[in-house]
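Beneath this line is the structure, given in structure tokens, with notes to follow.
The values are calculated or read from the model by the stated rules, or taken from the named source; none is laboratory data. For clarity, every value in this text was computed on a predicted model and none was experimentally measured. Cβ: placed from backbone, ideal geometry, glycine included. Neighbour counts: every protein chain shown. Side chains included, ligands, DNA and RNA excluded: accessible areas come from the protein's heavy atoms. Shrake-Rupley method; radii C 1.70, N 1.55, O 1.52, S 1.80 Å.
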Amino acid sequence: MTQPRLAEQTEYGRMYARSTSEQATVPSITTVLSRAATDLDGWYGYSAAQAAVQDDRLRAALGSPAQLRAVVRDAARAAERHRDDAAARGDRVHTYAEQIALRALGKPHRAVEARATLAEHGEERFASRFDEWWDLYAPEPLAVEVTVWNSTVGYAGTLDLVARIAGKVCLIDYKTKGTDRDGRVKSLDAKVVTQLVAGLKAEESLVDAEAGTWEPWAYGGADLLLGVAVGETEVVPVQAVPAVLEQHWYKFCALHRLWTQETALAAAGPALRPVPPPPPREQP
């Protein structure tokens, strides 16, 4: 990364500090967004069932309770493995995108190494499709992996890219996505709008992480908020509709209040305690 990391994972989620020598005090944008309810029960169940059916040990395990338990145990972890694998792939794709932007800025970069890492994992097509998108849209980077802060609400985050495209200043967030049966990249969730609005509403951006110096956020008046779905077959950018931005900002602030309340409850200690039976009544 271009800056030393100010974020750390805590029991309350990912938190940011004002400098590398200070304690983290505010939640990340993604931590706040994680307070929104997401029903993944169906996906977890499907992942487990699919893993069990595809397990080569299943037929032999049918006559052995111990072996069957091992198959079930591994299948139950399939969703977590899939999630972790997807997160690691997303990190690799984001790193490549970051290096391409740094190269465009004329700054030191590791674009060749980042592409080689994708190739090692059989993911080079993500890089190829991203290159096609970069050439077609010709973004002019203004800030790469920029850390922003909002003191009024109390949050921070890191934006993937601020760039000028066709004369418009754009805040851009990349999402690595899979491909559907028709060979199209899967659609982005509308929560990317909430995430981008939180970035737009930042008040400061980081200048020096070690010194803890910040400057007023220069791109709070950005023209466009873009979510960019990066897949193996195509890259699809989508714009946040201006008419809905205010409502997404209200949603983010509500989720922040929920995070604050949940954090306070967790710090307050246990919510329940055992109740002993009352003392025996005296006999008349």
Can you confirm whether S187 is outside any helix (DSSP H, G or I), hydroxyl-bearing (S, T, Y) and open to solvent by 90 Å² or more (accessible area, probe 1.4 Å)? yes
Among (1) touching a residue at least 24 places away in the same chain (Cβ under 8 Å); (2) farther than 30 Å from E124 by Cβ; (3) assigned to a strand (DSSP E or B), T194 falls short only on (3)
Within region 11-27, of all residues that are part of a loop (DSSP other than H, G, I, E, B) and open to solvent by 20 Å² or more (accessible area, probe 1.4 Å), the one farthest from L206 (Cα to Cα) is E11
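To keep it simple, each residue is scored yes or no on (1) surrounded by fewer than 21 Cβ atoms within 10 Å (Cβ to Cβ); (2) touching a Phe, Trp or Tyr at 6+ places or on another chain (Cβ under 8 Å).
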site: F130; (1), (2): no, yes
site: T176; (1), (2): no, yes
site: V193; (1), (2): no, no
site: A198; (1), (2): no, yes
site: V207; (1), (2): yes, yes
site: P216; (1), (2): yes, no
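Does L225 qualify as being assigned to a strand (DSSP E or B), of a type outside the set (G, A, S) and either open to solvent by less than 30 Å² (accessible area, probe 1.4 Å) or within 14 Å of V32 (Cβ to Cβ) (or both)?
Numbers: assigned to a strand (DSSP E or B): yes; of a type outside the set (G, A, S): yes; either open to solvent by less than 30 Å² (accessible area, probe 1.4 Å) or within 14 Å of V32 (Cβ to Cβ) (or both): yes.
In short, yes.
Per-residue answers, yes or no, for (1) under 24 Å from S205 (Cα atoms); (2) at pLDDT 95 or above:
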site	(1), (2)
R57	no, no
A78	no, no
L102	yes, yes
H109	yes, yes
A116	no, yes
Between a first residue in region 129-144 that is modelled with pLDDT of 95 or more and a second residue that is polar (S, T, N, Q), which pairs have beta carbons less than 8 Å apart while being 6 or more apart in sequence or on different chains? R129/T233; A143/S205; V144/T2
Scan region 89-114 for residues that are open to solvent by 60 Å² or more (accessible area, probe 1.4 Å) and free of Cβ contacts under 8 Å to residues at least 24 places away in the same chain and jot them down. D91, R103, G106, P108, H109, R110, V112, E113
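Can you find even one residue in region 263-276 that is in contact with a Lys or Arg (Cβ under 7 Å, 6 or more places away or on another chain) and open to solvent by less than 60 Å² (accessible area, probe 1.4 Å)? I'd like the intermediate steps shown before the answer.
First pass over region 263-276, keeping only residues in contact with a Lys or Arg (Cβ under 7 Å, 6 or more places away or on another chain): none.
No, region 263-276 contains no residue that is in contact with a Lys or Arg (Cβ under 7 Å, 6 or more places away or on another chain) and open to solvent by less than 60 Å² (accessible area, probe 1.4 Å).
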